[in-house]
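Please read the structure below before turning to the comments.
Read the figures in this text as sums done on the coordinates, not as results from a lab. What you see is a predicted model; the values in this text were computed from it and never measured. Note that each Cβ is placed from the backbone with ideal geometry, even for glycine, and that neighbours are counted across all protein chains shown.
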Ligand SMILES: [Zn+2]
């Protein structure tokens, strides 16, 4: 079951969805449900909350599908709903981790050169590390990143949404997305390599 | 070729990785990377972590999604019947 496929016949299915056709809804849940659930779980950091938020969001989407105007894809709309609901929950629990100072500038002196040598492994050392352990470390550190970094990395690198879909889901501009993706990747690199 | 600073090289890495940098930027970038040990190391690390982030995928999909989706379907079907 793939959650990231293109929604085919969007407009036709949308008519069925708006009419409350349960078969059409089942198709949507099978297609996007697993990815939405994985996204919410990773963003919230625990499975029970991920399930609760995804379930709530999907029921809410079903009830408010009439408001969907088709200006973005249904996929983006679904991610937006789950995302907003998850972030609300994270803020409500006062667990939101703000980005703060990303520290990228700290690497460089006034002339734009490296202040100190770049820390961490060199290319060869990385190849010698156990791939599985390293992947576990990346996954773990991703789960600790500030939420603004985590959300773009999850959507871009893990869920594989394209830029337009992410911009629509997060309601941000392409320029803002580029900047946020770069900062998020830099933060992940620092967390994995320098920690 | 116009000199590019380490800070600007680091700022361009995502554009390079995502194939969104133009030819001139790519030439300056790789020209600098060849000459600068620190930027080269940073770039290697960045690429490695980026590649690994892309491998955090569907293999750990929640196993109980059937249950969650079932609950949503119950709601949808219940709503229709109501
Ligand atoms: Zn350099």
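The set of residues in the range A:163-182 being out of contact with any helix residue (DSSP H, G or I) (no Cβ under 6 Å at 6 or more places or on another chain) and more than 11 Å from every other protein chain (Cβ to nearest Cβ) consists of A:164, A:170, A:171, A:172, A:173, A:175, A:176.
Scanning the range B:11-38 for residues that are over 15 Å from the mean Cα position of the chain (by Cα) and within 13 Å of residue A:186 (Cβ to Cβ) turns up nothing.
Scanning the range A:42-52 for residues that are at the interface with another protein chain (Cβ under 9 Å from one of its Cβ atoms) and in contact (Cβ under 8 Å) with a residue 12 or more places away in the chain, we see that the one that is surrounded by the fewest Cβ atoms within 10 Å (Cβ to Cβ) is A:51. Among the residues of the range A:61-81, those that are within 10 Å of chain B (Cβ to nearest Cβ) and in contact with a helix residue (DSSP H, G or I) (Cβ under 7 Å, 6 or more places away or on another chain) comprise A:61, A:62.
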